[in-house]
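Engineer: Sharing a structure here in structure tokens format.
The values are calculated or read from the model by the stated rules, or taken from the named source; none is laboratory data. Computed from a predicted model, the values in this text were never measured in an experiment. A quick note on method: Cβ atoms are made from the backbone with ideal geometry, for glycine too, and the neighbour counts reach across all protein chains shown. Surface accessibility is based on the protein's heavy atoms, side chains included, excluding ligands, DNA and RNA. Shrake-Rupley method; radii C 1.70, N 1.55, O 1.52, S 1.80 Å.
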Amino acid sequence: MDTLILNADGSPLSLLPLSTVTWQDSVRYMWLDRVRVLDWYDDWVVSSPSWETRVPAVLMIKEYIRTNRAPKCNKYNVTLRDEYSCQYCSVRLDRNDVTLDHVTPISKGGDTSWTNIVASCMPCNSTKGSKDIRPRRAPYEPTYYELVNKRKRYPLDVPHDSWRTYI
């Protein structure tokens, strides 16, 4: 299970995706005194021959870290930008059923960029193939804050209730 990690101002380092570290790293950061523990996992204790601790659920970094607010062009963010809908037939997509389609195919000189990729269902992606078919909405590069606002519209799976206080 992971640990939520917050910046020194109390905000997540990232919401796209949510900033987490492994439980092992969380214990390491705690041991190195780089973080403050804000909440713990109940009844989860790890130990070594000379030390024992509960596993942190939420950490806050002691020194503020400037974060890059330019969203990466990846499947998660493209799907979020396109609001989980196929850009050709408008069908609602489950996270596991999304495919990415190059509007201008790579075989015809297209690239993998915000302005050439859209979310698509498998049937539309297969039908389109290398054909020159335009999506219903032209692809564009969203801002970080636009994606964060869209992300807030969808439920967030959190492994520990304490996380909800900080996200």
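Engineer: What's the tally of Lys pairs in the chain whose alpha-carbon atoms lie under 26 angstrom apart, where the two lysines are 8 or more places apart or on different chains?
Structural biologist: 11
Engineer: Pick from Ser120, Ser107, Ser11: which residue has the top mean-square fluctuation in a GNM of the chain where Cα pairs under 10 Å get a spring?
Structural biologist: Ser107
Engineer: Next question. Take the alpha-carbon centre of segment 94-157, take the same for segment 38-92, and report the distance between them in whole Å.
Structural biologist: If we compute the Cα centre of each part, the gap is 23 Å.
Engineer: How much length, in nm to one decimal, is gained on full extension between Glu83 and Leu32, taken as 0.36 nm per residue of separation minus their Cα-Cα distance?
Structural biologist: Answer, rounded to one decimal: 14.3 nm.
Engineer: When the Kirkwood radius is taken over all Cα pairs of the chain, what Stokes-Einstein diffusion coefficient follows at 25 °C and 0.890 mPa s, in µm²/s?
Structural biologist: 134 µm²/s
Engineer: Also, quick follow-up: Report the accessible area of Ile133, computed with a 1.4 Å probe over the heavy atoms of all protein chains in place, in Å² rounded to the nearest 10.
Structural biologist: Surface open to solvent at Ile133 totals about 70 Å².
Engineer: A follow-up question, please. Quick one: if you stick a label point 7 Å off each Cα along the C-beta vector at Lys152 and Thr22, how many nm between them?
Structural biologist: In this crude label model, Lys152 to Thr22 measures out at 3.4 nm.
Engineer: How big is the accessible area of Arg54 in square angstrom, nearest 10, if you roll a 1.4 angstrom probe over the protein chains?
Structural biologist: Ignoring ligands and nucleic acids, Arg54 comes out at about 110 Å².
Engineer: How far apart, in nm, are two points set 7 Å out from the Cα along the Cα-to-Cβ line at Lys131 and at Tyr166?
Structural biologist: A separation of 4.9 nm, rounded to one decimal place.
Engineer: Given 0.36 nm per residue, what is the gain on full extension from Thr53 to Arg95 after removing their alpha carbon distance, in nm? Please list the in-between numbers first.
Structural biologist: Details: separation 42, 0.36 × 42 = 15.12 nm, distance 3.65 nm.
Computed gain between Thr53 and Arg95 is 11.5 nm.
Engineer: For Glu83, list long-range residues whose amide hydrogen, built 1.01 Å from N in the peptide plane, is under 5 Å from its own amide hydrogen.
Structural biologist: Here nothing satisfies the definition.
Engineer: Please report the antiparallel percentage of the DSSP beta bridges confined to the chain, to the nearest 5.
Structural biologist: Looking only at bridges with both residues in the chain, the antiparallel portion is about 85 percent.
Engineer: Tell me, what ³J(HN,Hα) does each residue in segment 65-74 have, in order and in whole Hz, if you take phi through Karplus 6.51 cos²θ - 1.76 cosθ + 1.60 with θ = phi - 60° and put x for Gly and Pro?
Structural biologist: 10, 5, 10, 7, 9, 8, x, 7, 7, 9
Engineer: Once amide H atoms are built 1.01 Å from N in the peptide plane, which residues 5 or more positions from Ala57, or in another chain, come under 5 Å H to H?
Structural biologist: Asp39, Trp40, Tyr41
Engineer: Okay, moving on. Which part of segment 129-156 falls in the paramagnetic zone of Ala70, meaning amide N under 19 Å from the point 7 Å along Cα-to-beta-carbon?
Structural biologist: Residues 140-148 fall inside that zone.
Engineer: For a quick check of understanding: with a 1.4 angstrom probe and all protein chains in place, what accessible area in square angstrom does Glu52 have, to the nearest ten?
Structural biologist: 130 Å²
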